[in-house]
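Below is one structure, written out as structure tokens, with a few remarks after it.
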Amino acid sequence: TVMQVSVINTVDTSHEDMIHDAQMDYYGTRLATCSSDRTVKIFDVRNGGQILVADLRGHEGPVWQVAWAHPMYGNILASCSYDRKVIVWKEENGSWDKMYEYTGHESSMNSVCWGPYDFGLILACGSSDGAISLLTFTGEQQWDVKKISNAHTIGCNAVSWAPAVVPGSLVDQPSGQKPNYVKRFVSGGCDNLVKLWKEEDGQWKEDQKLEAHSDWVRDVGWAPSIGLPTSTIASCSQDGRVFIWTCEDPTGNTWTPKLLHKFVDVVWHVSWSITGNILAVSGGDNKVTLWKESMDGQWACISDVSKGQGAVSSITDTQQSEQ
Amino acid sequence: MKLKEINRTAIQSWSPSQQHPIYLATGTSAQQLDASFSTNACLEIFELDLADTSLDMKSCGTFSSSHRFHKLVWSPHGMDGAGHPNGVLIAGGENGDVILYDPAKIMAGDDDVIITQSDKHTGPVRALDVNPFQANLVASAGNESEIYIWDLNNFGSPMTPGPKTQPLEDISCVAWNRQVQHILASASPSGRASVWDLRKNDLIIKVSDHSNRMHCSGLAWNPEVATQLVLSSEDDRMPVIQMWDLRFATSPLKILENHTRGVLAMDWSLADPELLLSCGKDNRILCWNPNTAEVLYELPTSTQWCFDIKWCPRNPAVLSAAAFDGNIGIYSIMGGSSQAQNQRQADQITNSFGNMDPFGTGQALPPLQMPQAPCPAPPAMVNPLKKPPKWIRRPVGASFAFGGKLVTLDNAPSNPQQPAKHVVHVSQVVTETAFLERSDLLQATLSNGNFVDFCQEKIAAAQDGFERTVWSFLKVNFDSDVRGQYLDLLGYKKEELALKVLKKHLKFKMFVSGPVDLGLGEELDQELEEGEDVDLGDEEDFNLEEEEEEEILLQEVGCTNWCLYLDVDGLITQALLTGDFEGAVDLCILDNRMADSIILAIAGGSELLEKTQKKYFSKTHTKLTKLISAVVMKDWTDILTSCDLANWKEPLAAVMTYARPDEFSAFCDLLGGRLEVSQDAVLQAQASLCYICAGNVEKVVSCWTRAQAGYSPPLPPGTSSPSLDLVEKVVVLRRAVEQARRGGAAPTASSVLLEEMMGQYAGLLASQGSLATALAYLSGSTNQVGPARRPEVQPRGLAQGCWRSRCVIEINNLWRSVVVGPQNGWNDPPALNRAGTKKKGLENYTPPAPITAPIMGPPGSDPQAQPMSPVSLQGSMDPGQGAFQGPFSGRQQLPPSSGGHPAMPQTSVEGPPGAPTGDHIQPMQSIPAEKILKKPIPEEHVVLKTTFEGVIQKCLAVASDPQTKRKLDDASKRLEALYDKLREQSLSPAIVGGLHNIARSIESRAYTDGLNIHTHIVSSSNFSETSAFMPVLKVVLTQANKLGV
């Protein structure tokens, strides 16, 4: 595959310490960043520009992640921090303010992820205290909180929602029946586990426990659905491994791991492209690689990315086959 | 937070970082006896299984030992090779032994677990350390200044680091440097530390503050700075940790003071050099930043001294601490709930009674309340580490965003001299370069209209004959004489036929009436006499070669049964097909088909009829009745429905020639339809040619899609799903149809299939960052979403273009999910409607609005795009709901794209970046403008209305302040939304059930219960389904509760 990765904009965030996350909004017009300097910043990056729209101060510790809510609910951003807080920020009349502050955990808040818009405004948050909270906006400044205790011993590092679409619903749905819109998400933690959670009768239950990593699971990413009857999850770990988990079983019980690659260093982050066909893998030593599944189901590294610029992959075939 | 607990008085060692799963080895501690005075000892290995939430550690193996232990270390030696899969455990015994154990064998339950041992030390071995660079090198130390370096590969002859220090003293600690592998440090209770260089085999520096009050209990090197080490003192008079830098070894660099009694052990985290653990006789476990001497964390721990503390090498947040009260605790430095732990303990105690009714009293035990710990109680909320540990600070990250963008963090300094610049790169990722090039070419063609060239290139590049034919057919659409060209392609060239007729004519003349001088010259006459084919010379390009070429062309087309050329019937047919009446009549006469000739002549005009009639008497008649009657009667349906499909081109050609423009398409479709359902795959493929002639885009698409499906089943993620081949053809054909029918005739219906294809194509374009183009296709596509389309809630001030192209992906994502029933009204309805249509099948199919400008229409120009559902109408009438007006006004604000061609990006329409967006979360409360034509509320639900209205009335009667009254009035009105939903019966049973529960609780005045049920409904239901009325209901319940009605 001929592949091009070219920098179209470089935003100097002026953060005073390490940036931990940067996320574009739904349209790709605004960029939110967060940093160990305790701030969250929002930039307008249209047309290659970089206009600072907001400098959000409210956290008392490093801010680990930011997440944009679906725009049907307005311009809403969630951030989570080492200060054990999750803050939901909202733009109202051009200015950004706190919409909600959640302090229900006893340790660092490591990950935030908004659920599919079909479920309303619902935010999953994972914490170093091992618990996961689900915050649901119920209207009139009210948030309903559900908490999964002991989700991951010593800490949850990442949460990622399943798409609202039930995979393969076109294939198997009896006609006229309402689709089975089950709320599901995946989490990864310091117990080396990837866990799937499912809401049943208003209660969150552990659905699956996926074991393959031999060290902390640093990140998980549920691939966007493209309507095929397969669910796909990527997980990456301190052990340098990235696994692609797939489930073709309509009941969602059988998940098969496939080793994408074993890196030498820790792998911190995985991110699916919007169409779910490319996986960006961010590892230690600032190494970013892009991976694509070939027609025969093999994952191949299609590009190395350094400072946003693509280069021919240095991961050779022999390295890829190494398990 | 305590994770695990082991009830042992023991020293401990974690398995090395390479080892998975994580083990903890414990060895019975020397110099400690319990009340049994037993001197038995054992070595045990436990597994740390964090997936198991109980406090127990799983024991993996035990070995009884004759000695007790002072020190235990675990080397990864042998793990990479076959030797020792779990490494080597090295124990320092109380009687001077250094013993090597194989942990794999301990865990396997083998007897021969001791690899080897040595009693070289004269006294107890108190200190051991494994070299971090060479796992086979272990330093040991004991009494009388003895230090040995053991090579596990050559255990018999240990080395010494240099001459013994004088005076002879006990050595309590040894530690290898973390940066320089040949540097070793040792320390003694006397307070002195010595640093050895193994290359020089000598002591290189002594570290002492000369206070004589430092009694070294611990020694650790800085993991990052080679010259720094810490020493801890167990003397209660000087309970400090000293940090030394060997570059200034005259006095300590820093003194870490916080312990109130002597420090018993230390461990410096390798995962974060800013974390140093220490435990002391003051019962405390502290975590320091040794660089700032600040206490970052105090573990909420035991009531007893801890004498040994260790970071887990593999799991950086985990530590173990061994206490004199006979417990080893495993803790997380990251804090967390100790409450859950207490509960766990309580459960354990309860469980140990076997069941909840241990005394058979018939009454279960009450849940056990844990008594408060007698010690300075650990606060319920433990503050976490003041500083985030290094291992949770994510330094990198690349995330995808819409439009094939990749956002990459860059925290590294661009050059090492400069401070780090914290920048974010936004990159465009293009994976389908070839795809984009072709897409661009197609776009260019669409805008410059040069379709003939485009098709010509495709013909030239075609890989197979059928592909070439299809493109030839498509190209014809852009020629002036469309039907003539089609005939040409089908193998009927008018001019050539005229010559063939002539030739046949001549042959017949010769045959029937003898040689005739036709004035063509002697040469020709000669040839005719010889009965051979006629070469009419250069000026008349008519020869066998030509015929062969035609044959080839037709074979390519896929027709094998084509043999009209050489017999009379064939010629007559051809003549008829091409409208050559005179020739046909002549041939008929020659062949004695008089009736045919006359009938033909009638159709051919009065002049011809007259001529034919003259010949009629001398000749006879023949068959071909069908074709003739069709031609004469101008009725083609019969032929088209009954002809042999193998010769499908004949009827098609006939239709080309004779059919009126208004029936032409229908005839082509008819034939195409027959071909399509035929058994022969080749014929099925030909159907598309008929459809091209008919200009039936929809059928062409379905035909081609089916053909494609034959060799490409559902595509896996990661392939470019919509076939660009197909898109190109469809786009060209649509344009052709549009051109041909400009003037409003016979509009083409769009379809689910076509839209899906275009949507996919647009989605792929968008994913590659080609937003403008994607948008052009989308606008063609989404204009056709059907009658019940709901509004999109769209924040103002954002680029319309981005919005819409993003929709494509949403649409495609939702596309295959069958969404039935009320939805949020954002973005999903297109999928909903189309999916619904698809399901119902053709009998219920309501053709969508015609595409008058297939893909070229400016978005928003189609009136179909803005049907409003009643709900949205009400919503936009509510003055507080301005946001809902967004999508409509937004759509209409779109400028009519100039020239209407699709290459015009819509993205230029952008609002100001910070424009207000309105409050989109506000539910769609509605105050109906009129209440006409409302269905009654189903009888079983009337009680809901009466109850809710009843309680509102009761509240109103009691409420005193006008604000509350207003609220209640408003609520009463707003609840209409609920009643409407009840009328429509559009609420899910779960919600209706919940509402009845609320009603019941209102009846019994249990408003708090009602509120709880309310919360449950809201949290468990679809937000959009309940958002219109649930907040109102909450207001009512709250007010009722407050007013106590």
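The values are calculated or read from the model by the stated rules, or taken from the named source; none is laboratory data. This structure is a prediction, so every number in the text was calculated from the model and none was measured. FYI the Cβ positions are ideal-geometry reconstructions off the backbone, even for glycines, and counts take in every protein chain you see.
In the range A:75-83, is there at least one residue being outside any loop (DSSP other than H, G, I, E, B), in contact with a Leu (Cβ under 7 Å, 6 or more places away or on another chain), touching a residue at least 60 places away in the same chain (Cβ under 8 Å) and on the phi < 0 side of the Ramachandran plot? The answer is no; no qualifying residue exists.
B:ARG966 meets the conditions (1) without any contact (Cβ under 8 Å) to a residue 24 or more places away in the chain; (2) touching an Asp or Glu at 6+ places or on another chain (Cβ under 9 Å) in every case but one. The failed one is (2). Of the residues in the range A:87-97, none is within 9 Å of chain B (Cβ to nearest Cβ) and touching a Cys at 6+ places or on another chain (Cβ under 8 Å). Looking at A:GLY61, is it more than 22 Å from B:ASN411 (Cα to Cα) and outside any strand (DSSP E or B)? Criteria not met by A:GLY61.
Just one of the listed residues (A:THR232, A:THR275, A:THR251) is of a type in the set (S, T, N, Q), more than 11 Å from every other protein chain (Cβ to nearest Cβ) and over 16 Å from A:SER313 (Cβ atoms), namely A:THR251.
Out of B:GLN32, B:GLN18, B:GLN12, which single residue is more than 14 Å from every other protein chain (Cβ to nearest Cβ) and at pLDDT below 90? The conditions single out B:GLN32. As for the range A:309-320, it holds at least one residue that is over 25 Å from A:LYS198 (Cα atoms), within 11 Å of chain B (Cβ to nearest Cβ) and modelled with pLDDT under 90.
Considering the range A:1-17, and only residues there that are free of Cβ contacts under 8 Å to residues at least 40 places away in the same chain and within 7 Å of chain B (Cβ to nearest Cβ), the residue that is nearest to A:ILE42 (Cα to Cα) turns out to be A:THR13.
Here B:ASP129 does not qualify as within 23 Å of B:ALA41 (Cα to Cα) and free of Cβ contacts under 8 Å to residues at least 12 places away in the same chain. Screening B:HIS121 against (1) of a type outside the set (Ser, Thr, Tyr); (2) part of a loop (DSSP other than H, G, I, E, B); (3) closer than 30 Å to B:SER66 by Cα; (4) at pLDDT 90 or above leaves a single unmet condition, (4). Within the range A:20-44, which residues are facing another protein chain (nearest Cβ under 7 Å), β-branched (Val, Ile, Thr) and either surrounded by fewer than 24 Cβ atoms within 10 Å (Cβ to Cβ) or in contact with a Gly (Cβ under 8 Å, 6 or more places away or on another chain) (or both)? If the condition is that a residue be facing another protein chain (nearest Cβ under 7 Å), β-branched (Val, Ile, Thr) and either surrounded by fewer than 24 Cβ atoms within 10 Å (Cβ to Cβ) or in contact with a Gly (Cβ under 8 Å, 6 or more places away or on another chain) (or both), then A:THR29 is the only one that fits. In this structure, is B:SER211 in a loop (DSSP other than H, G, I, E, B) and small (Gly, Ala, Ser)? It is true that B:SER211 is in a loop (DSSP other than H, G, I, E, B) and small (Gly, Ala, Ser).
I'd like to check something: does the range A:116-132 contain any residue that is under 25 Å from A:GLY189 (Cβ atoms), within 20 Å of the chain's Cα centre (by Cα), surrounded by fewer than 24 Cβ atoms within 10 Å (Cβ to Cβ) and more than 10 Å from every other protein chain (Cβ to nearest Cβ)? No, every residue in the range A:116-132 fails to be under 25 Å from A:GLY189 (Cβ atoms), within 20 Å of the chain's Cα centre (by Cα), surrounded by fewer than 24 Cβ atoms within 10 Å (Cβ to Cβ) and more than 10 Å from every other protein chain (Cβ to nearest Cβ). Of B:ILE309, B:ILE328, all but one fail to be under 22 Å from B:LYS4 (Cα atoms), part of a strand (DSSP E or B) and in contact with a Cys (Cβ under 9 Å, 6 or more places away or on another chain); the exception is B:ILE309. Screening the range B:143-186 for strands (runs of 3 or more DSSP E) wholly inside it with 1 or more residues that are charged (D, E, K, R) returns the ranges B:147-151. A:HIS105 fulfils the conditions (1) surrounded by fewer than 23 Cβ atoms within 10 Å (Cβ to Cβ); (2) within 10 Å of chain B (Cβ to nearest Cβ) except for a single criterion, (1).
From the set of residues in the range A:218-227 that are more than 8 Å from chain B (Cβ to nearest Cβ) and under 17 Å from A:TRP255 (Cα atoms), which is surrounded by the fewest Cβ atoms within 10 Å (Cβ to Cβ)? Looking at the filtered set, the residue picked out is A:TRP222.
A:GLN65 meets all of the listed conditions (1) more than 7 Å from chain B (Cβ to nearest Cβ); (2) farther than 30 Å from B:SER1024 by Cα but one, namely (2).
Screening B:THR1015 on (1) among the β-branched types (Val, Ile, Thr); (2) more than 9 Å from chain A (Cβ to nearest Cβ); (3) without any contact (Cβ under 8 Å) to a residue 24 or more places away in the chain shows it passes everything except condition (2). Where strands (runs of 3 or more DSSP E) fall entirely within the range A:228-298, those with at least 1 residues that are surrounded by 20 or more Cβ atoms within 10 Å (Cβ to Cβ), aromatic (Phe, Trp, Tyr) and in contact with a strand residue (DSSP E or B) (Cβ under 8 Å, 6 or more places away or on another chain) are at A:241-247, A:267-272, A:287-293.
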